[in-house]
């Protein structure tokens, strides 16, 4: 463990040497405050026992610029009304789908209103999509859509400030886009395009989160690629990539996803000079930002080995 006092705030005392007050002074004990922050420098197996690992830490604090950037990014991407909702989103982000499902099942049992149920149905659909259970995902999305349309009725007093019609509400676009992706994954391209177009009609005409629009562009690109309409696929990929590169950090995992998708497109068109650039970027981002067992990183590595 490395302790550099210059890297900690002068307004707090993150640690204290207590060897002079300890019953065993030879242990040279150090007492850390509960809010102490450490950066993991390296994790290596011990030479004497491969089952034990040695973790090299260095002390830092909330002023660490990289830590601040990471914290702010997590807050932006892992939002929710409670800590449990945010934990569910985080589990999905890191690929722990079973834990996410268990958490959302419990949240659904205790859901207090229809808006919360819409969100939970949607998240459970995302779990099913990530696990390849597409027909089950459709059921959750149907439930989400059904409840959503009920709570977005024109008489809902909470909608008085929403100028768009209920069928044009931005949140509805996310459900349409996810339903479109499920239909793509089961090979029903006609329905997939219809739902993606519904989503896009909302997102391009109502003020929406640009990153949500980028996801719909990417989903449309994937659908057209699988339909072998490579020119149209490339057009949508480029639209999605442009938004993501403008709005996201260069090492964001969502950029790795679209790099990998564009790689598959260039493989389909036999433009082999382009793929290496994209797969290298995808693998580098995945290795830096994703757990080693995350499905996306596993897929990127498998693709890299095939080239």
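The values are calculated or read from the model by the stated rules, or taken from the named source; none is laboratory data. If you're wondering where the values come from, they're calculated on a predicted model, not measured in any experiment. Quick reminder, even Gly has a Cβ in these numbers, built from the backbone with ideal geometry, and neighbours come from all protein chains shown.
Worth a mention:
- The number of residues in region 96-124 being part of a loop (DSSP other than H, G, I, E, B) and in contact with a helix residue (DSSP H, G or I) (Cβ under 7 Å, 6 or more places away or on another chain) comes to 1.
- Test: residue in region 139-154 that is at pLDDT 80 or above and within 24 Å of residue 295 (Cβ to Cβ): yes
- Hits in region 42-90 - residues which are in contact (Cβ under 8 Å) with a residue 24 or more places away in the chain, in contact with a strand residue (DSSP E or B) (Cβ under 9 Å, 6 or more places away or on another chain) and in a helix (DSSP H, G or I): 67
- Complete set of residues in region 292-307 that are over 17 Å from residue 127 (Cα atoms) and either modelled with pLDDT under 85 or surrounded by fewer than 18 Cβ atoms within 10 Å (Cβ to Cβ) (or both): 292, 298, 299, 301, 302, 303, 304, 305, 306, 307
- Test: residue 250 is without any contact (Cβ under 8 Å) to a residue 40 or more places away in the chain and within 25 Å of residue 298 (Cβ to Cβ): yes
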